[in-house]
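Participant: Structure incoming, see below.
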Amino acid sequence: MKAKIIITPKKAVLDPQGKTVESALAHMGYQGVQGVHVGKYIEIDLADGDRDATRKQIDDACHKFLSNPVIEDYHLELE
């Protein structure tokens, strides 16, 4: 099994990296680029087992360690 986690800044939080990328793209001539958000992507290989228990365990890790729930959102997928 594999966990795929995407972590991004919350929409209300200032994202300086995203603003820098957005500005750079505009300066390079890419038109219409708006609202760039830079985040993190994490893949975790897991032993096969109870899918619901694994999801709960990884969700807990995302909330407590992998992301900062005050300023970041995360999306978790299990394959």
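Please treat every number below as a calculation from the coordinates, not as lab data. Since the structure is predicted, the reported quantities are computational estimates derived from the model, not experimental observations. Note: ideal-geometry Cβ built from the backbone for every residue, glycine included; neighbour counts use all protein chains shown.
Participant: Has segment 15-32 got at least one residue that is among the basic types (Lys, Arg) and surrounded by 10 or more Cβ atoms within 10 Å (Cβ to Cβ)?
Facilitator: Yes, because at least one residue in segment 15-32 is among the basic types (Lys, Arg) and surrounded by 10 or more Cβ atoms within 10 Å (Cβ to Cβ).
Participant: Please enumerate the residues belonging to segment 49-74 that are within 23 Å of Pro9 (Cα to Cα), in a helix (DSSP H, G or I) and not aliphatic (A, V, I, L, M).
Facilitator: Residues satisfying the conditions are Arg55, Lys56, Gln57, Asp59, Asp60, Cys62, His63, Lys64, Phe65.
Participant: Is there a residue in segment 2-10 that is charged (D, E, K, R), in contact (Cβ under 8 Å) with a residue 12 or more places away in the chain and out of contact with any Leu (no Cβ under 7 Å at 6 or more places or on another chain)?
Facilitator: Yes: one or more hits.
Participant: May I pose another question? Kindly list, by first and then second residue, each pair from a residue in segment 18-32 that is over 23 Å from Glu72 (Cα atoms) to a residue that is surrounded by 12 or more Cβ atoms within 10 Å (Cβ to Cβ), limited to pairs with Cβ atoms under 6 Å and residues at least 6 apart or on different chains.
Facilitator: Leu25/Val33
Participant: Just checking, how many residues over segment 45-76 are in contact with a helix residue (DSSP H, G or I) (Cβ under 7 Å, 6 or more places away or on another chain) and either under 12 Å from Ile5 (Cβ atoms) or in contact (Cβ under 8 Å) with a residue 12 or more places away in the chain (or both)?
Facilitator: Looking only at that region, the number is 3.
Participant: I'd like to verify a number: residues in segment 1-48 that are on the phi < 0 side of the Ramachandran plot, part of a loop (DSSP other than H, G, I, E, B) and over 21 Å from the mean Cα position of the chain (by Cα), how many?
Facilitator: 5
Participant: Here is a further query. Do we have Val38 as farther than 29 Å from Asp52 by Cα and touching a residue at least 12 places away in the same chain (Cβ under 8 Å) here?
Facilitator: The answer is yes for Val38.
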